[in-house]
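Everything below concerns the one structure shown next.
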Amino acid sequence: MNITIVGTGYVGLVTGTTLAEIGNSVYCVDIDEKKVEAMKNGVVPIYEPGLEEMFLRNIQAERIFFTTDLKEALEKSEVIFLALPTPPGEDGSADLSYVLKVANDIGDLMTEYKVIVNKSTVPVGTADKVRDTIAAKTDIPFDVVSNPEFLREGFAVEDCMNPSRVIIGSTSEKARNIMAKLYQPFTNIGVPIINMDERSSELTKYAANSFLAVKITFMNEIANFCEKVGADVDLVRLGMGSDDRIGHRFLFPGIGYGGSCFPKDVKALLNSGKQEGYDFQLLDATENINKTQKVILVPELEKYFGGNLQGKKIAVWGLAFKANTDDIREASSLDNIKLLLEKGAQVVAYDTIAEENVRKILGDKITYAKDMYSALEGADALLIATEWPEFKNPNFSLMAQKMINKAIFDGRNMFPLELPEQNNFFYKSIGRKLVT
Ligand code: NAD
């Protein structure tokens, strides 16, 4: 099939590449000229494991193309995916201006029937808004489908090639049939398609992300309480997760959730609730708890240094909001760094994958280390903000040689409790031991 993807970010580029991989011709449209030029030259603009190889293979096979010209792409495709940003507006509601602008352009440019598929995460009722926007511009028939995306950054290629389910929100039989044909290579291997109306589909995405944010936050609270009562959250987590009704995933406590999705989607659902006169108390609490949780180790650092972080050199391992991505949107590392700087500390950060993105925000307010050990040179303490695998089994003797003071504040519970202590480090993690 011939497909257009509008927006080549984490969702659009991975969706486009995997759809090309299964034999479709994919036209990727983006307004960012530099990005399009780079992609035409075989440069992948994001870090996503496994993407580059697949991307280059499909460029070579002439199944994926890049352009800034929406008209050119539309003419060649029947199915148009929107993978556009929906960032939070000032009141927390999802900003639909990107989606509606492109809907407007499609209305202007389309010359024959199209299926417009919304992959962006959007509030209930957006399919209607997209439909109205296009219909105001043209009499040519078209359908609007809600097809939310559930990929995880860091596993995006794997998730797009092996989705757990495909949600199709559409009441048009014609559009459903086209979508079924498009997803046939997946349904063929057992991936279920769940058909529903547009509104239920739109809400499914917010409900799924908000539920996961609540699950993480619940476990963070249990971890905080473990510290009060001298329980070990690792044992509680294993005990809880062994119940099939709960499961082991998303029970790992830490310094809060970040990223481009959970914070924004919780905010947007809260806001949708407000607009409908519904008070999502659970989501309100989740958002507030997460804000505090993200920087929960800073008071611990202060306490350790007798209430004063002025002039202390803090090494930060990990800047990405989670491992295996260069995405730093709403990353806990940033909240911690900002607070540490406010309190007069100096920060040396290490994260080769996410460093470039952080430099764009923090510039030379902090320094950047080339490797995890050089970040520790002369450091008074180490703060771990991202669970990159390379941090799992470090050389503690080398760390001890580099650091002025042997203290680790671990926001991602990377080490067995006894390991840093055996190496004579002060070690504070989340929910695993009462430190007085
Ligand atoms: P992103 O910011 O990485 O990418 C968006 C792209 O759209 C950018 O390349 C931007 O230049 C382009 N763009 C903006 N306006 C445009 C226009 N008028 N025409 C063409 N291109 C335009 O965003 P993302 O992370 O891929 O997210 C896209 C949507 O998918 C959001 O609604 C998000 O909530 C949702 N989503 C994201 C993820 C994720 O893990 N990132 C997962 C599931 C769903």
**Complete:** With +1 on the Cβ of every Lys and Arg and -1 on the Cβ of every Asp and Glu, the dipole magnitude of the chain about its Cα centre, in debye rounded to the nearest 20, is 800
**Prompt:** If Lys and Arg each add +1 and Asp and Glu each add -1, what is the summed charge of the other residues whose beta carbon sits under 15 Å from the beta carbon of Glu342?
**Reply:** +3
**Asked** How would you rank 80-89, 163-172, 109-118, highest first, on the average number of other Cβ atoms within 10 Å across their residues?
**Response** 80-89, 109-118, 163-172
**Request:** Specify the angular offset, from 0 to 90 degrees and rounded to the nearest 10, of the alpha carbon long axis of helix 173-182 from the longest principal axis of the alpha carbons in the chain.
**Result:** 60
**Request:** Take peptides 251-264, 394-407, 54-67 and line them up by average Cβ neighbours within 10 Å, highest first, as a rough protection proxy.
**Result:** 251-264, 54-67, 394-407
**Prompt:** What does the charge add up to near Val36, with Lys and Arg as +1, Asp and Glu as -1, over the other residues with Cβ less than 14 Å from its Cβ?
**Reply:** -3
**Complete:** Out of Phe409, Pro420, Trp388 - ranked by how far each Cα lies towards the positive end of the dipole of region 383-436, with unit charges on the beta-carbon of charged residues - the top one is Phe409
**Message:** Just to check I understand the Karplus step: with θ = phi - 60° and J = 6.51 cos²θ - 1.76 cosθ + 1.60, what whole-Hz values come out for region 189-201, glycine and proline as x?
**Reply:** 9, x, 6, x, 9, 10, 8, 7, 7, 4, 5, 5, 5
**Message:** Pairs of alpha-carbon atoms within less than 8 angstrom and 6+ residues apart define the contacts here; what relative contact order does region 295-428 have, in percent?
**Reply:** 25
**Prompt:** Counting pairs of alpha carbon atoms under 8 Å apart in space and at least six apart in sequence, what relative contact order in percent does the chain give?
**Reply:** 12
**Message:** Need the full-extension length gain, Arg131 to Asn405, defined as separation in residues times 0.36 nm minus the C-alpha distance. One decimal, nm.
**Reply:** 92.5 nm
**Which of Thr68, Thr17 has the fewest Cβ neighbours within 10 Å, and the rest in rising order** = Thr68, Thr17
**Item:** Sites matching GluC sites (Glu not before Pro) across region 260-330 that sit in DSSP coil, with at most 14 neighbouring C-beta atoms within 10 Å
**Value:** Glu276
**Item:** Ranked by how many other beta carbons lie within 10 Å on average, peptides 356-368, 380-392 from highest
**Value:** 380-392, 356-368
**Prompt:** Hey, what angle do you get for helix 51-60 against the long axis of the chain, alpha-carbon based, 0 to 90 degrees rounded to 10?
**Reply:** 30
**Simple label model, 7 Å out from Cα along Cβ direction - Leu417 to Arg165, nm** = 3.8
**Message:** Only counting other Cβ atoms within 10 Å, I'd like Val102, Val266 sorted with the fewest neighbours first.
**Reply:** Val102, Val266
**Item:** Sum of -39500 (n - 2.57) over DSSP H runs of 4+, divided by residues of the chain (222 nm, nearest 500)
**Value:** -13000 deg cm²/dmol
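No lab work stands behind these numbers, since they all come straight from the coordinates. The structure displayed is predicted, hence computed values, not measured ones. Backbone-built Cβ (ideal geometry, glycine too); neighbour counts: all protein chains shown.
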